[in-house]
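A quick write-up on the structure given underneath.
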Amino acid sequence: MIIYNALWKTMKNKGFTKYRLVHKHGIAQHTISRMVKNMPTSSRTIDDLCKILDCRVEDIITFIPDAEHTPIE
């Protein structure tokens with residue numbers, strides 16, 4: 001599971017708000033809502049956020065393995 005807790009911390013540290021992402025940088029409100037709920041988003045959105053926030057992917061997302069996940073062999 002991918003979670004976006006790091007995004008909210010990065011935004012706070014850089015003085016960004018959800019409002020600013022939507023209204024100044026064109027990130028869809030629906031996308032922000034999905035990320036708040038840790039729902040999937042596109043790699044394009046992650047790329048856009050990295051550019052906007054001038055940060056690395058690790059500053060936006062964190063991968064948490066599912067307990068039931070079995071690696072593909």
Open item on the list: Go through region 19-33 and report how many residues are over 14 Å from Asp48 (Cα atoms) and under 12 Å from the mean Cα position of the chain (by Cα).
Closed with: 1
Open item on the list: If a residue must be surrounded by 13 or more Cβ atoms within 10 Å (Cβ to Cβ) and either within 15 Å of Ile3 (Cβ to Cβ) or hydrophobic (A, V, I, L, M, F, W, C) (or both), how many such residues does region 13-42 contain?
Closed with: 9
Task: Condition met for Thr45 (in contact (Cβ under 8 Å) with a residue 40 or more places away in the chain and either open to solvent by less than 70 Å² (accessible area, probe 1.4 Å) or of a type in the set (Phe, Trp, Tyr) (or both)) - done: no
Task: Scan of region 51-63 for residues that are modelled with pLDDT of 95 or more and either surrounded by fewer than 17 Cβ atoms within 10 Å (Cβ to Cβ) or part of a loop (DSSP other than H, G, I, E, B) (or both), ordered by number - done: Lys51, Asp54, Cys55, Arg56, Val57, Glu58, Ile60, Ile61, Thr62
TODO: Restrict the check to region 64-72 and report whether at least one residue is open to solvent by less than 50 Å² (accessible area, probe 1.4 Å), of a type outside the set (S, T, N, Q) and more than 12 Å from the chain's Cα centre (by Cα).
DONE: no
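The values are calculated or read from the model by the stated rules, or taken from the named source; none is laboratory data. A quick note: this is a predicted structure, and the numbers were derived from the prediction, not measured. A quick note on method: Cβ atoms are made from the backbone with ideal geometry, for glycine too, and the neighbour counts reach across all protein chains shown. We work out accessible area using only protein heavy atoms, side chains counted, and drop any ligands, DNA or RNA first. Shrake-Rupley method; radii C 1.70, N 1.55, O 1.52, S 1.80 Å.
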